[in-house]
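First up is the structure itself, then whatever we jot down about it.
The values are calculated or read from the model by the stated rules, or taken from the named source; none is laboratory data. Predicted, not measured: the structure shown is a model, and the values here were computed from it. Quick reminder, even Gly has a Cβ in these numbers, built from the backbone with ideal geometry, and neighbours come from all protein chains shown.
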Amino acid sequence: MSGDPVLFALQGSRDIGERVAARIGLALAPHEERDFDAGEHKARPLAEVGGRDVYVIHSLHGDRGQSANDKLVRLLFFVGALKDAGADRVTAVVPYLAYARKDRRTKPRDPVTTRYLAQLFEALGTDRILTVEAHNVSAFENSFRLCRPEHIPVAGVLADHFAAQLGDRPVAVVSPDAGGNKRAELFRRELEGRLGREVGKAIMDKHRSAGVVSGSVFAGEVRGRLAIVVDDLVSSGTTLVRAAQACRAAGAASVVAAAAHGLFTGGAPALFGADGPDRIVVTDTVPLPAALPPEAGDRISQVGIGDLLGDVIGRLHRGEAVSELIAYD
């Protein structure tokens, strides 16, 4: 598409928006957001968007200022305002996509919330949605019919981070459950390629019902190795603590957790006790919450995703394939 893209970042996502804009070599376009009585609000672009290729960055994590629902509605309304203003194509860039974990029916009459989310974006005329490390990639991609989904895994970004630090330490990649095995294997292959040597693998059994996590089977070889437990997000920390305990029981020399999204729900205090991972690496799809325990600062590292998002947006705008930038399964 001719001309430069137009890039917006809504309230709460300005920091990552600035990093993406810097990579592309553009300034964020101006917009207005106003709050009214009784929780109502409006947002409108202050730049001309008629006939343009427009990208709106907004991560849908809840924080002290706005819930995930608040951010979702604001993004949807802004997409609608852009389409009403004549934007030729609107891409919602959603580094963290809320409700992606509820992607199938596990009980009678369960909602399939991921599909409902897709219908909302499509109803407002969103042309494309781009997200980072969806909980279930197939469910995310299959939820959309009128809007083109683009999934950005973080395997390559995380592999770059770890490869620069590991030296010749023996390492194994661990999936904390069967559902994350493909994600862990993709990261393992990326890391193995960068290190130029063998990287071990392991997997843990996990079942969740009514919020209770169970399962204790652990398969794989981690003895004497640094075990990297890979997941899509860090929430309360229960899954990662269980995985860290299992890795240590199997003889791992140390345990590191790696994930795209660091939500750290309620401060996730269990993660920072003796049973938690020695370190936790997350990307900056969401900012670290203020409510983390004091000891968390020494254990958490953030890896930037802005450059990758900027490169993907640039290629999409030019009509080029993004597969060269992204490690696909």
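Just a yes or no: is a residue in segment 8-17 free of Cβ contacts under 8 Å to residues at least 40 places away in the same chain and buried (at least 16 other Cβ atoms within 10 Å of the Cβ)? Break it down into steps so the answer makes sense when it comes.
Residues of segment 8-17 that are free of Cβ contacts under 8 Å to residues at least 40 places away in the same chain, as a first pass: 14.
So of that shortlist, the ones also buried (at least 16 other Cβ atoms within 10 Å of the Cβ) come out as none.
Within segment 8-17 (the criterion being free of Cβ contacts under 8 Å to residues at least 40 places away in the same chain and buried (at least 16 other Cβ atoms within 10 Å of the Cβ)), the answer is no, since none of the residues qualifies.
Answer yes if at least one residue in segment 173-196 is modelled with pLDDT of 95 or more and in contact with a Pro (Cβ under 7 Å, 6 or more places away or on another chain), and no otherwise.
Yes, that holds for at least one residue.
Could you give every pair whose Cβ atoms fall below 6 Å, whose first residue belongs to segment 154-182 and is under 25 Å from Arg223 (Cβ atoms), and whose second residue is at pLDDT below 95 and part of a loop (DSSP other than H, G, I, E, B), counting only separations of at least 6 or pairs across chains?
Pairs that qualify, where the first residue is under 25 Å from Arg223 (Cβ atoms) and the partner is at pLDDT below 95 and part of a loop (DSSP other than H, G, I, E, B), are Ala155/Ala327; Asp177/Lys206; Lys182/Asp329.
Considering Arg183, Arg248, which residue is at negative phi and surrounded by fewer than 23 Cβ atoms within 10 Å (Cβ to Cβ)?
Details: Arg183 fails: surrounded by fewer than 23 Cβ atoms within 10 Å (Cβ to Cβ).
After applying the criteria, what remains is Arg248.
Take the conditions out of contact with any Leu (no Cβ under 6 Å at 6 or more places or on another chain), aliphatic (A, V, I, L, M) and surrounded by fewer than 18 Cβ atoms within 10 Å (Cβ to Cβ) and apply them to Ala274. Does it pass? Reasoning before the result, please.
Values: out of contact with any Leu (no Cβ under 6 Å at 6 or more places or on another chain): yes; aliphatic (A, V, I, L, M): yes; surrounded by fewer than 18 Cβ atoms within 10 Å (Cβ to Cβ): yes.
For Ala274, the condition - out of contact with any Leu (no Cβ under 6 Å at 6 or more places or on another chain), aliphatic (A, V, I, L, M) and surrounded by fewer than 18 Cβ atoms within 10 Å (Cβ to Cβ) - is met.
Can you name the number of the only condition in (1) touching a helix residue (DSSP H, G or I) at 6+ places or on another chain (Cβ under 9 Å); (2) at pLDDT below 95 that Ser209 fails?
(1)
Mind telling me which of the residues Leu233, Leu316, Leu292 ends up being within 20 Å of the chain's Cα centre (by Cα), buried (at least 16 other Cβ atoms within 10 Å of the Cβ) and in a helix (DSSP H, G or I)? Give the steps one after another, and end with the answer.
Working: Leu233 fails: in a helix (DSSP H, G or I); Leu292 fails: in a helix (DSSP H, G or I).
Criteria check complete, one pass: Leu316.
Of all the residues that make up segment 157-179, how many are assigned to a helix (DSSP H, G or I), in contact with an Asp or Glu (Cβ under 6 Å, 6 or more places away or on another chain) and either hydroxyl-bearing (Ser, Thr, Tyr) or under 19 Å from Ala252 (Cβ atoms) (or both)?
Looking only at segment 157-179, we keep the residues that are assigned to a helix (DSSP H, G or I), and these are 157-166, 178-179.
If we keep only those that are in contact with an Asp or Glu (Cβ under 6 Å, 6 or more places away or on another chain) too, we end up with 159.
Applying the additional criterion that residues be either hydroxyl-bearing (Ser, Thr, Tyr) or under 19 Å from Ala252 (Cβ atoms) (or both) yields none.
The number of residues fulfilling the criteria is 0.
Which pairs do you get when a residue that is among the polar types (S, T, N, Q), found in segment 212-227, comes within reach of a residue that is buried (at least 19 other Cβ atoms within 10 Å of the Cβ) and at pLDDT 90 or above, reach meaning Cβ atoms under 9 angstrom, with the pair 6+ apart or on two chains?
Final answer for the pair search is Ser216/Met204; Ser216/Arg242; Ser216/Ala246.
What about Val255, is it crowded, with 22+ Cβ neighbours inside 10 Å and among the β-branched types (Val, Ile, Thr)? Break it down stepwise before answering.
On the way: crowded, with 22+ Cβ neighbours inside 10 Å: yes; among the β-branched types (Val, Ile, Thr): yes.
Yes: the conditions hold for Val255.
If you take the residues of segment 36-58 that are out of contact with any helix residue (DSSP H, G or I) (no Cβ under 7 Å at 6 or more places or on another chain) and surrounded by 14 or more Cβ atoms within 10 Å (Cβ to Cβ), which of them is farthest from Ala87 (Cα to Cα)?
Of everything passing the filter in segment 36-58, Ala47 is farthest from Ala87 (Cα to Cα).
Can you work out which of the residues in segment 84-97 that are of a type in the set (Gly, Ala, Ser) and assigned to a loop (DSSP other than H, G, I, E, B) is surrounded by the fewest Cβ atoms within 10 Å (Cβ to Cβ)?
Residues of segment 84-97 of a type in the set (Gly, Ala, Ser): 85-87, 92.
The next check asks that each one be assigned to a loop (DSSP other than H, G, I, E, B); those that pass are 85-86.
On the way: Ala85: 16, Gly86: 11.
Among residues in segment 84-97 that are of a type in the set (Gly, Ala, Ser) and assigned to a loop (DSSP other than H, G, I, E, B), the one surrounded by the fewest Cβ atoms within 10 Å (Cβ to Cβ) is Gly86.
Here's the yes/no breakdown for (1) polar (S, T, N, Q); (2) under 29 Å from Gln302 (Cα atoms); (3) under 19 Å from the mean Cα position of the chain (by Cα); (4) outside any helix (DSSP H, G or I):
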{"site": "Arg19", "(1), (2), (3), (4)": "no, yes, yes, no"}
{"site": "Ala38", "(1), (2), (3), (4)": "no, no, no, no"}
{"site": "Gly65", "(1), (2), (3), (4)": "no, yes, no, yes"}
{"site": "Leu75", "(1), (2), (3), (4)": "no, yes, yes, no"}
{"site": "Leu82", "(1), (2), (3), (4)": "no, no, no, no"}
{"site": "Tyr99", "(1), (2), (3), (4)": "no, yes, yes, yes"}
{"site": "Arg115", "(1), (2), (3), (4)": "no, no, yes, no"}
